[in-house]
Amino acid sequence: MRVLIVEDDKDTAQYVAKGLVQAGHTIDVVSDGKDGLALAIRENYDIVILDRMLPGLDGLSLARTLRSAGSRVSILFLTSLGGVNDRVQGLDVGGDDYLVKPFAFAELLARVNALGRRPPMRAEGDILRAGDLELDVARRAVRRGKDRIDLKPKELVLLEVLLRNKGRVVTRTMLLERVWGFHFDPRTSVVETHISRLRAKIDRPFAKPLIHTIRGSGYSINDNP
C-alpha cells in the first residue's frame, strides 16, 4: 500500500517508515500539517498515519478538511493524546482508527494491514434509500424529498450504517465499532448524541420519522412506523 506519514517527531517518523518499508509498503513522510494536507489531496494514498499535534495544521483539522473535501483515504491517528475524549474527537472528525503512543510496531502494522483489507463503504453509484430519504454514497449527498440535508462526516457514516441495515436492529456496540472504531465500550454517550443530531436533521423537520429506537436493543431505520 501507499502510506503517508504526517509526523513532526523525526525518530518516530523514521521508526514507523522503516518498519512499513520492510513490510513492503511505499512510504512518504512529512512533518508539517499543511504539507501533509496538500500531499493527501494531491496524491493517491491508501492510508494516512497522522499525529494530532503538528506544526502548520493540527491533525484534527487536517482530517476534518480531508473528509470535507470528499477524501476517502483511511486515516490512522498515531498520537500521545490517549483519553477517551481524545479518541472520540479523532474518530469523530473522520479517523478510521486511533493508536496511542508509546506503541508496539507489531500492533501498528496489524492496524495498517486491517485498514488495507477493509472494503470501501462508499462505492461509486451507490444510492441508499428509506422512504423519501436518499443517500448518494459517492457524492456524500443526502436528500429527503426535495430538501437537501447537510450532515457532518460522522453523521454521514452513521446514516450509511443504518441504511445498509434498513429494517434491521443495529446495536449500540455495532455502531461504536463501525462508526467510531471502538472494539470496547468507552462509556461515552457519543452514539446517543449523534443519533439525536441525526434525528434533528432528517426526522424532526418532516412528518414521518424514519429512525426508531428499539428499546433495550438499539436503533433501526425504516419507512414503516
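The values are calculated or read from the model by the stated rules, or taken from the named source; none is laboratory data. Because the structure is predicted, anything quoted here is derived from the model rather than measured. All Cβ positions, even for glycine, are placed from backbone atoms using ideal geometry, and neighbour counts span all protein chains on display. Protein only, heavy atoms only, side chains kept; ligands, DNA and RNA dropped before computing areas. Shrake-Rupley method; radii C 1.70, N 1.55, O 1.52, S 1.80 Å.
Summary of values
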quantity	calculated
Out of V84, V73, V93, sole residue that is over 11 Å from the mean Cα position of the chain (by Cα) and among the aliphatic types (A, V, I, L, M)	V84
Helices (runs of 4 or more DSSP H) wholly inside region 24-123 containing at least 1 residues that are open to solvent by 40 Å² or more (accessible area, probe 1.4 Å), more than 18 Å from L4 (Cβ to Cβ) and not polar (S, T, N, Q)	84-92, 105-117
Of the criteria (1) modelled with pLDDT of 90 or more; (2) assigned to a loop (DSSP other than H, G, I, E, B); (3) surrounded by 13 or more Cβ atoms within 10 Å (Cβ to Cβ); (4) not hydrophobic (A, V, I, L, M, F, W, C), which one P205 fails	(3)
Tabulated pairs, region 25-36, first at pLDDT below 95, second basic (K, R), C-beta under 6 angstrom, 6+ apart or interchain	T26/R2
So I5, is it modelled with pLDDT under 90 and of a type in the set (A, V, I, L, M)	no
Matching residues in region 38-51 - criterion: being closer than 27 Å to L151 by Cβ and modelled with pLDDT of 95 or more	V48, I49, L50
